[in-house]
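Here is the structure we will look at, set down as structure tokens.
Only the coordinates and a few stated rules stand behind these numbers; no lab work does. Bear in mind the structure is a predicted one, so any value in this text is a computation, not a measurement. For neighbour counting, all protein chains shown are included, and Cβ atoms are generated from backbone atoms with ideal geometry for every residue, glycine included.
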Amino acid sequence: MPPSIIALGELLVEIMRPAVDQPLDRPGPLLGPYPSGAPAIFIDAAARLGATTGFAGVVGADAFGRCIVDRLIADGVDTRPIRVAAGYTTGMAFVAYRRDGSRNFLFHLAQSAAAQLAPEDVRAEDFSGAAFLHITGSALATSASMRQACYRAIELCKAAGGRISFDPNLRPELIGLDRLREICAPVLAACDLLLPSGAEAGMLAGIEDAMQACRNLVSRGVPLVALKRGAAGSTVFTPDAAFDAPPLAVSEVDPTGAGDCYGAAFVTGLLEGWDLPKVARFANIVGALAVTQQGPMEGAPRRGEALAHL
């Protein structure tokens, strides 16, 4: 079957400190490599939840590239659109955790294989059965060629009758806030589902209060906004209403990837035809379970495990 959900963007491995307050500028132990990259975490989680999925990206001809592709294949993702770029190394991110819950990232992306993704890697035939295309802010910011690949994918998906989900995943440290707003504008204009955190909604709308920012984004034409609120659950906004979805209480081990897993579950629930409160609750469950294991993809639940909490 052709993929019903397609994602594209950066593919990388994540290597992290095993405990809090172990900075990256000192010798010390590291864990990994773990397959990662925001759009890759999303698509892998969607595959685990039973969706038919495909991914377009670029890896190096190295062990880290094999690590990522093997994981996606094992979980059922169609990886045929992934290209191996000779002469480039697979993307990497090094992560340190702070006691206050924040993280410090050191990326090798701009000169990596991941950044070589180009419009030519996006094929029209991949969108023949696509119901959703997922775009992330990190993919828009990684390189100019990757950004153009995202824009081309949006055009192809819309032309084929599909919808666009957008996780802003804003990282001003990669490109700067003003530039991020500029490059996100074409995606917002095509967006059918926006999946921001509170800070991201505020940055996109230019309004500090997250709730007001989401209402503003809906008023500007985004038909559905799902605000991720971490341990507090999420709030969903439509042109007619807004409601809170309850969280699932868990013990957090590693927060990386929780928002991407939330988005994967939200899109999967929409494709199931569920009502929005059920979709949002399901997404909260999947996002919560994702933080219970070390590694950005490792906690993403299988469909049966997530449904058992619904």
Global geometry of segment 109-194, whether rounded, prolate or oblate, following the gyration tensor of its Cα atoms and the 1.5 cut on a/c: oblate
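Let a ≥ b ≥ c be the square roots of the eigenvalues of the Cα gyration tensor of segment 260-310; is it rounded (a/c under 1.5), or, if not, prolate (a/b larger than b/c) or oblate?
Judged from the Cα gyration tensor, segment 260-310 comes out prolate (a/c at least 1.5, a/b above b/c).
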If you take every residue apart from Thr238 with its C-beta less than 14 Å away from the C-beta of Thr238, what net charge results, scoring Lys and Arg +1 and Asp and Glu -1? -2
Give the distance, in whole Å, between the Cα centre of segment 120-199 and the Cα centre of segment 1-25. 18
quick note, the chain, DSSP beta bridge pairs, % antiparallel (nearest 5) is 40
Calculated from DSSP H runs of 4 or more alone, at -39500 (n - 2.57) each and per residue, what is the 222 nm mean residue ellipticity of the chain, nearest 500? -11500 deg cm²/dmol
Can you list, bin by bin at 5 Å, the percent of alpha carbon pairs in segment 12-132, starting at 0? 2, 11, 19, 20, 18, 14, 9, 5, 2, 1
Provide the net charge surrounding Gly202, with neighbours chosen by a C-beta distance below 9 Å and charges set as Lys +1, Arg +1, Asp -1, Glu -1. -3
If you take the beta carbon distance between Ala232 and Ala19 as r and set R0 to 35 Å, what does 1/(1 + (r/R0)^6) give as a FRET efficiency, to the nearest 0.05? 0.85
Within a 10 angstrom radius of the beta carbon, how do Met146, Met1 rank from fewest other beta carbons to most? Met1, Met146
Once phi is turned into θ = phi - 60°, what whole-Hz ³J(HN,Hα) does the Karplus curve with 6.51, -1.76 and 1.60 give for every residue of segment 68-79, x standing for Gly and Pro? 5, 5, 4, 5, 4, 4, 4, 8, x, 7, 6, 9
Can you put Ile82, Ile73 in order, fewest other beta carbons within 10 Å first? Ile73, Ile82
May I ask for the longest run of the chain untouched by GluC sites (Glu not before Pro) that are loop-located per DSSP and have at most 15 neighbouring C-beta atoms (other than their own) within 10 Å? 1-207
Restricting to Cα pairs below 8 Å that are 6+ residues apart, what does the relative contact order work out to for the chain? Please round to a whole percent. 16
Once you have a ≥ b ≥ c as the square roots of the Cα gyration tensor eigenvalues for the chain, tell me rounded if a/c is under 1.5, and otherwise prolate or oblate according to whether a/b is larger than b/c. rounded
Taking just the alpha-carbon atoms of segment 113-261, what radius of gyration and Dmax come out, in angstrom? 15.6, 44
